[in-house]
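Shown next, in structure tokens, is the structure this report addresses.
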Amino acid sequence: MYRVFTFLAFGLMCSFASFGQKAERNHAEKFEQLGQMLRSPNVYRTASGAPGHMYWQQKADHEIEVELNDDNQSIKGWQKVTYFNNSPDQLTYLWIQLDQNERAADSNTPKMATSSINQRMSMRQLEGIVWHDQDLGYKIHTVKTMAGDDIPVTVNNTMMRVDLPEPLKAGEKFEFTVDWSFNIHDRMSFIGGRPGYEYFEKDGNYLYTMAEWFPRMAVYSDFEGWQNKEFVGRGEFALTFGDYKVKITVPADHMVGSTGVLQNPDEVLSSVEMDRWEKAKKSYDEPVIIRTQAEAERLEKGKAKDKKTWIFHAENVRDFAWTSSRKFIWDAMAVKQGGNDVMAMSYYGKEGNPLWEQYSTKVVAHTIKSYSAKTFDYPYPVAISVEASNGMEYPMICFNYGRPDEDGTYSDAVKYGMISVIIHEVGHNYFPMIVNSDERQWSWMDEGLNTFMQFMAEQEWDRDYPSRRGPAHKIAPYMASDQSLLEPIMTNSENIIQFGPNAYAKPATALNILRETVMGRELFDYAFKEYSQRWMFKHPTPEDLFRTLEDASGVDLDWFWRGWFFGTDPVDISLESVGWFKLDNRSPAEKKADEKKAFDREETYISKTYNTKDVEQTVLEADPGTRDFYNSYNPFTVTPEDEKSYKDFMARLSQQEKDLLNSGLNFYELKFKNVGGLVMPLIIQFNYTDGTSEVDRIPAQIWRLNETEVTKVFAKKKEVKSIVLDPFRETADIDESNNYWPRTFTPSRFELFKGAGGVRGASTGDNPMKKAKRK
Ligand SMILES: [Zn+2]
């Protein structure tokens, strides 16, 4: 059905104001600028999102000597810290992070955790409640000036205040030493966490992943002063850049992988290993195995009594981590980056094979190539992936997941899980290791950006890569969930209920939507690279990201940040109705004929249908031959006036206007309702009766004057058969059933069971990917 409307070539537009109506305002909110929701720009951070002309950041250099005791799984260290006060402020104290204290007997972590008793409790849950003292946490033995005088310190859980002997003036540096030790914990136990050890019962060996292992300087910044949120396990780290010289003493038969470049390979590697290492430096396609599985398995059987010291240097890193075990197999290959070669490497026990030998180092190399193309050349000399049954990132080195079953078989879920984790953790070198945001405050700034980059790297690894996060439609179930369980992305790590969706998936999806739908790849990629390069080796805040992406693309995105990052509304846009109109270009004769037809149709009703025959019969019987209808007036006759006015109208039209009048265009008036609240562009697919289709893209700003309901007219030469809103599923619309005209519906399946009524399906965690195993 279509309706006809009149062509008002020279008509007047009138509007009638309505008086006395009180309605809730439906506009001027979602598209308002963020204004005071953002920090004010200043000389340190500009309104364009770049570092300002007086930007500064602190620096902390470290010399560390550390010794691992494999007999009682403990570690002791001595460090000299040189702290450069590049701020314009005078400091009377320094804050140091003691993250190991998160596992101490008096830790706040278990106190802050809620708990309850369930019908069935795991040992792990119970141990978490009991939390007995395991003698974990730092033992700080001394904090001294270079002259050897004790410096007064105050330990406040995971923070330690160092009271300076005299105020540290702007531009000056302060040197001091710290002597410390702690017991390394079993990270596979209920305590968990990323650093610690794993014990392998079968061969009696330990694999150590040493992170958060030395007292680290807290960040002092222009936007927060001293970062003062203690570490309680989730919100990760805020760290200062610096140069490191680290001497690591371990049992002589251990292999050490570390942040930085090994300074004394001749002292710690065999000559065979040195030869293989040289070969690896020239191997750009395939990793070279430097310590083989057979060699590692031989080492597993003995226990060296003597020790070796491995020396590593690292420049411009915000942290330093290492791993040590006699179980390690080691392979490496080279990757070209700008004018330099980066060594991509992996360390893994035999438990990681055959997966690790096949994939790990190649994934490291792939990640560097993929990420660098979108940000900056990888600036560090090495990138290392360590098999540690988890996933955690540090500069140049990360600990990853992905272990086949004991018989060497593995499922696709394990394989892709491993590749994804390696991409993700190696990817963290870019965010937050180099683009050094404050993880304690803003998890999404590194996790969200990194997950977005991870999605692109995954898709470049394999055409049909089963990416878990990134595509818009995958975030819809989270955004459709109970509003009382949701928070804006701009929420501190510790206050988030569903951490994965909030800090990883939603920001990653939002960036993907910006790239594919709102800004387009060309504008987005330029602006994202600009952000990465502006804040490389610096400390950005959310404002710097928001502002740079707008400043470098020329696209106002305040509405997008407001909706996606500061709000919890989901996207649900409904295509409410469609009207079909055609221009009225009929002559008076055609028009009257149509009117007559319409009149006849309207004047046909049931009584008349029954009556007609009877009435005619009665009249004819009463007065045969004279039946001439009483009413001879025919309103459907064309009058001379009709003809004249039509002629006049046509005479006043230009040829262009006549063409338009006779174009035969179809006008479709679409009405949209914003059910979800989050404003988004309208992506409309028109499917025509001739089998072709066309997509119109309308910017989100169509919602400016009415944020809840809009109509828009589309002129189409062809006739439309059906319309689909968001046909490529790119807006994260949580209810797609109202995206169709005419409405359409698809069947859901339900299962039939026979017997006692057990529950099957999703709730049992049935994962079809787990079933297909391969070697
Ligand atoms: Zn991460």
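What is the spin-label model distance, in nm, from residue 292 to residue 170 if the labels are put 7 Å beyond Cα along the C-beta direction?
6.3 nm
Have a look at 528, 116, 633 and report the one farthest towards the positive end of the charge dipole of the chain, computed about the Cα centre with Cβ charges (Lys/Arg +1, Asp/Glu -1).
Ranked along the dipole, the leading option is 633.
Counting Lys +1, Arg +1, Asp -1, Glu -1, what net charge surrounds residue 737 among other residues with beta carbon under 15 Å of its beta carbon?
Net of charged neighbours comes to -3.
Report, ordered by chain and residue number, the lysines lying within cross-link reach of residue 673, taken as a straight Cα distance under 20 Å and ignoring same-chain residues fewer than 8 apart.
Of all the lysines, those that pass the test against residue 673 - Cα under 20 Å, at least 8 places apart if same chain - are 30, 712.
Work out the charge dipole of the chain with +1 on the Cβ of Lys and Arg and -1 on the Cβ of Asp and Glu about the Cα centre, then indicate which of 43, 433, 167 is farthest towards its positive end.
433
Suppose every K and R has +1 on its Cβ and every D and E has -1 on its Cβ; what is the size of the dipole of the chain about the Cα centre, in Debye to the nearest 20?
For this selection, approximately 1080 debye.
For a Förster distance of 56 Å, can you work out the FRET efficiency between the beta-carbons of residue 336 and residue 663, rounded to the nearest 0.05?
Efficiency, rounded to the nearest 0.05: 0.45.
Rolling a 1.4 angstrom probe over the protein chains, ignoring ligands and nucleic acids, what is the accessible area of residue 437 in square angstrom, nearest 10?
The accessible area comes out at roughly 0 Å².
Can you tell me the length gained on complete extension of the stretch residue 285 to residue 406, counting 0.36 nm per residue apart and subtracting the Cα distance?
40.6 nm
Which value in nm describes the separation of the simple spin-label points at residue 306 and residue 144, placed 7 Å from the Cα toward the beta carbon?
It works out to 3.0 nm between the two label points.
Which sequence of 726, 377, 642 reflects their accessible areas, 1.4 Å probe, from the largest down?
377, 642, 726
Quick one: order 53, 27, 254 from most to least accessible surface, probe 1.4 Å.
Most to least solvent-accessible, the answer reads 53, 27, 254.
Can you tell me how much longer the chain between residue 34 and residue 594 gets when fully stretched, taken as 0.36 nm per residue apart minus their C-alpha distance, in nm with one decimal?
Gain in length upon complete extension: 196.0 nm.
Expressed as a whole number of Å, what is the distance separating the alpha-carbon centroids of segment 588-611 and segment 183-219?
Centre-to-centre distance over Cα atoms comes out at 88 Å.
Looking at this model, which pairs from 281/350; 202/247; 369/415; 59/247; 245/307 are more than 29 angstrom apart at the alpha-carbon?
202/247
When all protein chains stay in place, what accessible area (Å², nearest 10, 1.4 Å probe) is found for residue 393?
Accessible surface of residue 393 is approximately 10 Å².
Tell me, in nm to one decimal, what length is gained between residue 606 and residue 709 on full extension, where the rule is 0.36 nm per residue of separation less the Cα-Cα distance?
33.0 nm
Just to make sure I understand: if all protein chains stay in place, what is the order of 43, 363 by accessible area at 1.4 Å, largest first?
From most accessible down to least: 43, 363.
Leaving out same-chain residues fewer than 8 places away, which aspartates and glutamates sit with a Cα under 12 Å from that of residue 303?
Excluding near neighbours in sequence, the set is 70, 71, 203, 253.
What part of the accessible area of the chain, given as a whole %, is carbon or sulfur when the probe is 1.4 angstrom?
51 percent
Greater than 24 Å separation of Cα atoms is the criterion. Which listed pairs, 671/717; 76/538; 282/327, meet it?
76/538; 282/327, as the Cα separations exceed 24 Å there.
Give me the one-decimal nm value for the distance between modelled label points at residue 124 and residue 156, 7 Å along each residue's Cα-to-Cβ direction.
About 3.4 nm, to one decimal.
Set the Förster radius R0 to 51 Å, insert the Cβ-Cβ distance between residue 473 and residue 537 as r into 1/(1 + (r/R0)^6), and round the FRET efficiency to 0.05.
Efficiency, from the Cβ-Cβ distance: 0.90.
How much FRET efficiency would the formula 1/(1 + (r/R0)^6) give for residue 485 and residue 358, where r is the Cβ-Cβ distance and R0 is 45 Å, rounded to 0.05?
Efficiency, rounded to the nearest 0.05: 0.65.
Heavy-atom accessible area of residue 292 with all protein chains present, probe 1.4 Å, nearest 10 Å²?
Solvent-accessible area, nearest 10 Å²: 40 Å².
The values are calculated or read from the model by the stated rules, or taken from the named source; none is laboratory data. Fair warning: this is a prediction, and the values are worked out from it, not measured in the lab. In this analysis, Cβ positions are derived from the backbone assuming ideal geometry, glycine residues included, and neighbour counts consider all displayed protein chains. These area figures cover heavy atoms from the full protein model, side chains too; ligands, DNA and RNA do not enter into them. Shrake-Rupley method; radii C 1.70, N 1.55, O 1.52, S 1.80 Å.
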